[in-house]
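Below is one structure, written out as structure tokens, with a few remarks after it.
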Protein chains: 2
Amino acid sequence: MSRTAAVFAPFLLLCLAVHALPFHSLNKSTLHHVPSKDLPFTEKYFTQILDHFNFNSMGNGTFRQRYLITDKYWKTGYGPIFFYTGNEGDIWDFALNSGFIIELAAQQGALVIFAEHRYYGKSLPFGEDSFHIPEVGLLTVEQALADYALMIQELKQELVALLCPVIVFGGSYGGMLSVYMRLKYPNVVAGALAASAPILSTAGLGDPRQFFRDVTADFQGCSAECRDSVRGAFAQLKELADNKDYSLVQQKFGLCATPSTPQDMHQLNGLLRNAFTLMAMLDYPYKTQFMSQLPANPVQVGCDTMMSGPDLLANLRNTAGIVYNSTGELACLDLYKLFVECADPTGCGLGPNSLAWDYQACTEIDLCFESNNVTDMFPPMIFTENQRQDYCSRRWGVIPRPGWLQLNFWGEALSTASNIIFSNGDLDPWANGGVRKSLSPSLVAINIAGGAHHLDLRGSNVADPGSVTQARKMESQLIAEWVKTERRRLKQGHTLYNKS
Amino acid sequence: MSRTAAVFAPFLLLCLAVHALPFHSLNKSTLHHVPSKDLPFTEKYFTQILDHFNFNSMGNGTFRQRYLITDKYWKTGYGPIFFYTGNEGDIWDFALNSGFIIELAAQQGALVIFAEHRYYGKSLPFGEDSFHIPEVGLLTVEQALADYALMIQELKQELVALLCPVIVFGGSYGGMLSVYMRLKYPNVVAGALAASAPILSTAGLGDPRQFFRDVTADFQGCSAECRDSVRGAFAQLKELADNKDYSLVQQKFGLCATPSTPQDMHQLNGLLRNAFTLMAMLDYPYKTQFMSQLPANPVQVGCDTMMSGPDLLANLRNTAGIVYNSTGELACLDLYKLFVECADPTGCGLGPNSLAWDYQACTEIDLCFESNNVTDMFPPMIFTENQRQDYCSRRWGVIPRPGWLQLNFWGEALSTASNIIFSNGDLDPWANGGVRKSLSPSLVAINIAGGAHHLDLRGSNVADPGSVTQARKMESQLIAEWVKTERRRLKQGHTLYNKS
């Protein structure tokens, strides 16, 4: 395929590697992997066990797992430990976008730790070989949880903090990990704030059409016309594709190369759909730099753009530009560089982190979501378990186990759990893949009206809707209660045996 | 070392491979690996995933896992499923010695399944190579639990039993697995009867002197003189060893070969101590064939023998004969054939099952128990974490992780759990390594006065003490309640999402 640099007028300018991201992070390398001076964290490394589940696979091999820590607010040896269960990206990105945890630590005198997930950021167990087979095989949810359990246990000893209750925090997949920590290691963590954690949909529970239906609902929420414009634009694009009018497609979308196959058109559709996904997920009421560089209220901006003139294809191109070319730096759109199709139809991002996420979506995390142009406004793009299996066995030599996450992490059979907050924003397409109903006084669902993807974890902002301020207040109260109860338990010491 | 066949007079006669067993089974091959006609079980095999925790280690390799099943008592499609979480031995041995489960199934209309633990009996993932390195690496508690979870899930589907509550049962290490199943997979199992499950001591919690202290207490319970005779006999043996009077040792103990080194004497002490361990554990009020062929009330028989004449060494030899030569068939005692020292100071048994258990004691199960001749009546035989590490890295190329079991399976931090019965008999030296106090109305400790190792799991016997009859009644009631509650939950169906 020739890569002619078509002029790419209306897109304005800045970062080349802007992200075709998913529900998880991208390779945000150009955005903020440099520690911020505003944050009090020290970057450290923990000597972590390579394989918690096989004593003979790696001897007792270890790797260096990165974590960020601050005791700036800690009531030393007494205050709780707030532990962020890092997800699929550079840990600094989560620290930089979870200001609420810092605010809460200041309030409650907590030590704060952000732990990086193995195989992401700088926590690569085998360095450059981490994504080779079989080295990649140690990338599992179970290993990540065991990492966190062990890290918490050892850091508590090191910091003389054995009596300090631990609360875990996480957003998105990180929120799933927080839930799982409380399910599987309640001896280690007293409670979990799981923000926007789609624990049901990623376990294959629910409706595969839900995700893109809810992305659509966000744009429809602006206006039915907005949704219809998007649908109309995709229909026009389909017509061009059906007619093999590829030069016009290139011209209309400012592509760097002329598309020449149905696969190229499929790629373009994927890239475009992904722009809407990101605007919906990240529909914050102020400008953000998380996963992408986005204006305030991107869905509104997107709808304004979609309805800015009679040429629907131009509108669609410009709407995609909000995500892929926010700074206007790109002279043209490189279909295969800006978006990489993978086992996650909501996107895997770019760079090494995207490899890790692709692997996880190929093994435990089940993301067989579809758009179909009936329950959503996008072109029909199906992703079945069979397609997933074909792709994953070719790409990684693995066979996904669709039922495993539900079996191992309880699916919706959560009634025996306790001390978990499931917070979700109603703008977030991930929300309905999570827990929306409280199950007991200590399994609390919080719904944030007008909230996007884990808005509550972000630092306070004047533009915040009242709902998120209210949510954070409730979270703060519940966490304070859990800390109090756990402190009593920890103080009791041994209750079942006597070290005679 | 020459192996002269010394005459071994007072020992009477039968099975050559009688067992130097531990808290778990031996290679009971000569006892009862043939399915009993009295039991209604069918022997089947389940296609099990080899490695639940690494998608790249074995592809999606599988192995054949054996299980026994009977629907003789099942209210088809409605009655509960009683699932025995097999431990370290041939699954038939547990089925043959857990008559209570059958009785309860008849009472409550249950389907009964006895599942064999991977790497034991006929469930060898790699056949004859199973105990090679690295093949043995897939022998972990976590893999075993995942096996059971998956097996339950799939058999429920196959048997059209999705609405049938599952209760797990286990004795000793099998009881630990039952507890862990309820901790880690409460979505799969509604409750656990954990009989004589030393979940604390095997996690390194408590006193390493407890075990042999409590073996001693059993013999002291007969009489202080009995205990003193044992101690006196070991003292005389030590004198002979100190004087290197090895021929006399051989003659006194009817050994097949003359001992010639301190190591041989250490081996003899280990073998003798183990006889007392087995009599204490298996101090049932009637003749049994579990782990060893023993008379009714073996502790009493042992004490009678220890005090049967003025020659303490002869008494000690004859007492050991109760365990090692109950049938009198052995012409002499082969020190290294009747007892194999391993990473479990209470014994690993003989044969392939003993290899598997040695590996488990070298990795997750922490059995650093000591005798010291102060808090117990035995020769000082220390087994430190350092010794364990040396042995295990030499033998299996592994480094034990002493803290892991406590971290992963909660140690004594059990307050968030529910629906577990911890039953223990006060004659059982394992009892004080388990949970002896109820923690809540659904975490119930049952103490069985006059009960040995998981007596309650055995079928009813006229010689049963009233305490065990009472215990079984309480167990039956609790289990019936759990089943009722779980049935309601299962009937509710999906509560958190709509498959629209």
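The values are calculated or read from the model by the stated rules, or taken from the named source; none is laboratory data. Since this is a predicted model, take the numbers as computed values, not measurements. All Cβ positions, glycine included, derive from the backbone under ideal geometry; neighbour counts span all protein chains shown. Keep in mind that these areas ignore ligands, DNA and RNA; they rest on the heavy atoms of the full protein, side chains included. Shrake-Rupley method; radii C 1.70, N 1.55, O 1.52, S 1.80 Å.
Things worth noting here:
- Yes/no for B:Phe339 being under 19 Å from B:Gly206 (Cβ atoms) and of a type in the set (Phe, Trp, Tyr): no
- Listed by first and then second residue, the pairs linking a residue in the range B:472-492 that is in the same structural domain as B:Ala105 (by TED's automatic domain parsing) to a residue that is crowded, with 21+ Cβ neighbours inside 10 Å and of a type in the set (Asp, Glu), with Cβ atoms under 8 Å apart and 6 or more places separating them unless they lie on different chains, are B:Arg472/B:Asp456; B:Glu475/B:Asp456.
Condition check ((1) closer than 30 Å to A:Cys362 by Cβ; (2) open to solvent by less than 10 Å² (accessible area, probe 1.4 Å); (3) under 26 Å from the mean Cα position of the chain (by Cα)) across all residues:
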{"position": "A:Phe169", "(1), (2), (3)": "yes, yes, yes"}
{"position": "A:Gly174", "(1), (2), (3)": "yes, yes, yes"}
{"position": "A:Leu193", "(1), (2), (3)": "yes, yes, yes"}
{"position": "A:Ala203", "(1), (2), (3)": "yes, yes, yes"}
{"position": "A:Asp228", "(1), (2), (3)": "no, no, no"}
{"position": "A:Lys244", "(1), (2), (3)": "no, no, no"}
{"position": "A:Pro259", "(1), (2), (3)": "yes, yes, no"}
{"position": "A:Pro262", "(1), (2), (3)": "yes, no, no"}
{"position": "A:Asn269", "(1), (2), (3)": "yes, no, yes"}
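- Breaking point among (1) assigned by TED's automatic domain parsing to the domain that holds B:Thr85; (2) in contact with a Gly (Cβ under 9 Å, 6 or more places away or on another chain); (3) open to solvent by 10 Å² or more (accessible area, probe 1.4 Å), for B:Glu158: (2)
- The lone exception for A:Thr416 - which of (1) under 30 Å from A:Val483 (Cα atoms); (2) away from chain B (no Cβ under 14 Å) it fails: (2)
- Top-ranked residue of the range B:420-437 - restricted to ones that are open to solvent by 30 Å² or more (accessible area, probe 1.4 Å) and in contact (Cβ under 8 Å) with a residue 12 or more places away in the chain, ranked as farthest from the other protein chains (Cβ to nearest Cβ): B:Leu427
- Residues that are aliphatic (A, V, I, L, M) and part of a loop (DSSP other than H, G, I, E, B) within the range B:416-459 comprise B:Ala417, B:Leu427, B:Val435, B:Leu439, B:Ala449, B:Ala452, listed in sequence order.
- So B:Gln107, is it open to solvent by 50 Å² or more (accessible area, probe 1.4 Å), more than 20 Å from the chain's Cα centre (by Cα) and polar (S, T, N, Q): yes
- Residue, farthest from the other protein chains (Cβ to nearest Cβ), within the range B:46-80, restricted to residues that are basic (Lys, Arg) and part of a strand (DSSP E or B): B:Arg66
- Within the range B:441-500, if we keep just the residues that are at positive phi and surrounded by 14 or more Cβ atoms within 10 Å (Cβ to Cβ), the residue that is farthest from the other protein chains (Cβ to nearest Cβ) turns out to be B:Gly450.
- The residues in the range B:194-235 that are within 13 Å of chain A (Cβ to nearest Cβ) and on the phi > 0 side of the Ramachandran plot can be counted, and the count is 2.
- In the range B:323-342, the residues that are outside any loop (DSSP other than H, G, I, E, B) and either open to solvent by 20 Å² or more (accessible area, probe 1.4 Å) or hydrophobic (A, V, I, L, M, F, W, C) (or both): B:Val323, B:Leu333, B:Leu335, B:Tyr336, B:Lys337, B:Leu338
- Residue list for the range A:55-73, filter: open to solvent by less than 60 Å² (accessible area, probe 1.4 Å) and basic (Lys, Arg): A:Arg66
- Identity of the residue in the range A:367-382, free of Cβ contacts under 8 Å to residues at least 60 places away in the same chain and of a type in the set (A, V, I, L, M, F, W, C), that ends up surrounded by the most Cβ atoms within 10 Å (Cβ to Cβ): A:Ile382
- Test set (1) farther than 30 Å from A:Val483 by Cα; (2) surrounded by fewer than 21 Cβ atoms within 10 Å (Cβ to Cβ); (3) at pLDDT below 95 - A:Pro35 fails condition number: (1)
For every residue, the table says whether it meets (1) in a helix (DSSP H, G or I); (2) aromatic (Phe, Trp, Tyr).
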position: A:Asp207; (1), (2): no, no
position: A:Asp228; (1), (2): yes, no
position: A:Phe234; (1), (2): yes, yes
position: A:Leu240; (1), (2): yes, no
position: A:Ser247; (1), (2): yes, no
position: A:Gln250; (1), (2): yes, no
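- Scan the range A:271-293 for residues that are part of a strand (DSSP E or B) and buried (at least 24 other Cβ atoms within 10 Å of the Cβ) and the total you get is 2.
- The range B:395-411, subset assigned to a loop (DSSP other than H, G, I, E, B) and out of contact with any Ser or Thr (no Cβ under 9 Å at 6 or more places or on another chain), residue nearest to A:Leu150 (Cα to Cα): B:Gly403
- Residue in the range A:483-492 that is over 21 Å from the mean Cα position of the chain (by Cα) and closer than 27 Å to A:Leu294 by Cβ present: no
- Residue count, the range A:144-178 (criterion: more than 13 Å from chain B (Cβ to nearest Cβ), among the β-branched types (Val, Ile, Thr) and farther than 23 Å from A:Trp404 by Cβ): 2
- Residue match in the range B:389-403 (condition: more than 9 Å from chain A (Cβ to nearest Cβ), buried (at least 16 other Cβ atoms within 10 Å of the Cβ) and aliphatic (A, V, I, L, M)): no
- Filter result (out of contact with any strand residue (DSSP E or B) (no Cβ under 6 Å at 6 or more places or on another chain) and either open to solvent by less than 10 Å² (accessible area, probe 1.4 Å) or within 25 Å of B:Ala203 (Cβ to Cβ) (or both)) within the range B:114-125: B:His117, B:Arg118, B:Tyr119, B:Tyr120
- Selection within the range A:126-143 - more than 7 Å from chain B (Cβ to nearest Cβ), open to solvent by less than 20 Å² (accessible area, probe 1.4 Å) and part of a loop (DSSP other than H, G, I, E, B): A:Ser130, A:Leu139
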